[in-house]
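Down below is the structure, laid out as structure tokens.
The values are calculated or read from the model by the stated rules, or taken from the named source; none is laboratory data. Worth saying up front: this structure is predicted, and the values here are computed from it rather than measured. Neighbour counts are summed over all protein chains in view; Cβ atoms, including those assigned to glycine, are modelled from backbone coordinates with ideal geometry. In case anyone asks, the SASA skips ligands and DNA or RNA and just uses the protein heavy atoms, side chains included. Shrake-Rupley method; radii C 1.70, N 1.55, O 1.52, S 1.80 Å.
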Amino acid sequence: MQHEVKHAADAIEIELIRSLYDGFLPSLIMSVGFVLSGALIVRGTGDPILEALLLPGLVASILRLVVMWRDGKAAARPRLTIAAARHLERRFAVTYYAFAAVLGLFGLRVFWMPSTGAGNHLLMLALLIGYAAGVAAGIGLRPRIAIPSMVMAVAPPVVAIVASAKPLYAATAVMTCAFLLGGIFSLRKRHARALVDIGRRLTFASLARQDSLTALPNRLALRESYDEAEYAATGDGRLVALHCLDLNGFKPVNDRFGHPMGDALLAAVAKRLGGAIRESDIAARLGGDEFAIVQRDIAHPDEARLLAQRIVAAIGRPYRIGEHTLNISTCVGYVVADDGTRDLEQLISLADEALYIAKRNGIGVKRYEPPAGERAAA
């Protein structure tokens, strides 16, 4: 139970981290706005400190955009792990904090200089408000990054505004702080709602891909796993195997003891299948007593044969269900694919063909062999 809760929490965390990379456009607009506005302010004031701050601001802007563009592709991968997601988030946060810090120092200097001019103050204030709004829109689902970024960018200029001791400026500082606090409150509320909404969406998506009786993935999940598999076409020579099996002797158990016993037997079979495969593989129930396994990332066809033999041995051990000891067996037909030219349904059909031969000849394991003249699958 605790493992399931942790898995669900990790899945939600991954989705929230992925949301960071939806804010590329606001970040791009802010970067361009900072460079253009900063250049105008530097030109109008001739201040060397502002000029010195403009360069690291430009560098931080470019790094932030590069990280978002490059890591966004990694974040979108279906099999992103929580460890990899957190690594991406840390790299994202570093560039975001760097830009926020430079922006805050730039604003501090602008408002600290008495001769800066109202026009430059107005432009800087617009830049700060635009930044805070962009942070809220772009990365608002990650308050742990959004809130510190807004505070680092807005707080230093507000300090300078208050220090000016001008009534209108003081009122501006108060309003800016009020907007900042309101934005922080809204971010936290939005984050709380997102946790519920993403959790609900992931739950529904999981149920749509899970067999209700055995808790194994269903045909839809099997297709998705197969589509994610990498073949030898990627240049690393790795293979994918598709195994099909059904249960010999299952119908007599169902007929003699009833459907509840049959259902319990299917659930027990599912557990054994799960124990026989690697974490990177996927076992699915296709329907009735039919199962399929996608064996990903294997180096040699013999690995597929060994898994098929392991499945036959695992399924063939006696089952103790209630007061009854049940004995069933299985045959496995499999096909090995060395490229992505065949879709899942075609491979299932070929594995089924091999399974039929295995059952007809009374052998436990049979690999699909293409007819003479046809290119072999492996």
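The set of residues in region 197-208 being open to solvent by 80 Å² or more (accessible area, probe 1.4 Å) and either outside any helix (DSSP H, G or I) or modelled with pLDDT of 65 or more (or both) consists of Asp197, Arg200, Arg201, Phe204.
Selection within region 40-52: residues that are without any contact (Cβ under 8 Å) to a residue 24 or more places away in the chain and of a type outside the set (Lys, Arg). The member of this set that is least open to solvent (accessible area, probe 1.4 Å) is Val42. Being farther than 28 Å from Ser19 by Cβ, of a type in the set (S, T, N, Q) and crowded, with 17+ Cβ neighbours inside 10 Å is the requirement here; does Thr176 meet it? Considered against the rule, which asks whether it is farther than 28 Å from Ser19 by Cβ, of a type in the set (S, T, N, Q) and crowded, with 17+ Cβ neighbours inside 10 Å, Thr176 comes out as no.
Inspection of region 18-39 identifies no residue that is open to solvent by 70 Å² or more (accessible area, probe 1.4 Å) and among the aromatic types (Phe, Trp, Tyr).
Is it the case, given these coordinates, that Ser61 is polar (S, T, N, Q), part of a helix (DSSP H, G or I), farther than 23 Å from Glu224 by Cα and out of contact with any Pro (no Cβ under 6 Å at 6 or more places or on another chain)? Judged against the criteria, Ser61 is a match. Taken over region 291-311, the criterion of being in contact (Cβ under 8 Å) with a residue 60 or more places away in the chain and open to solvent by less than 60 Å² (accessible area, probe 1.4 Å) is satisfied by Phe291, Ala292, Val294, Arg296, Ile298, Ala299, Pro301, Ala304, Leu307, Ala308, Ile311. Residues that are open to solvent by 50 Å² or more (accessible area, probe 1.4 Å), modelled with pLDDT under 85, within 30 Å of Ile129 (Cα to Cα) and not hydroxyl-bearing (Ser, Thr, Tyr) are absent from region 226-235 altogether. The single residue among Leu108, Leu88 that is at pLDDT 90 or above, over 15 Å from Leu20 (Cβ atoms) and out of contact with any strand residue (DSSP E or B) (no Cβ under 9 Å at 6 or more places or on another chain) turns out to be Leu108. Go through region 53-76 and give me each residue that's more than 16 Å from Thr95 (Cβ to Cβ) and surrounded by 13 or more Cβ atoms within 10 Å (Cβ to Cβ). Those that are more than 16 Å from Thr95 (Cβ to Cβ) and surrounded by 13 or more Cβ atoms within 10 Å (Cβ to Cβ): Leu53, Leu54.
A Cβ distance below 8 Å, combined with a sequence gap of six or more or placement on separate chains, defines the contacts here; from region 355-372, residues that are more than 14 Å from Leu245 (Cβ to Cβ) reach residues that are part of a loop (DSSP other than H, G, I, E, B) and of a type in the set (A, V, I, L, M, F, W, C) in the pairs Glu369/Ala376; Pro370/Ala376; Pro370/Ala377. As for region 255-273, it holds no residue that is open to solvent by less than 60 Å² (accessible area, probe 1.4 Å), at negative phi, not in a helix (DSSP H, G or I) and not hydroxyl-bearing (Ser, Thr, Tyr).
Of the residues making up region 154-169, one or more are within 25 Å of Phe92 (Cβ to Cβ), open to solvent by 30 Å² or more (accessible area, probe 1.4 Å) and assigned to a helix (DSSP H, G or I).
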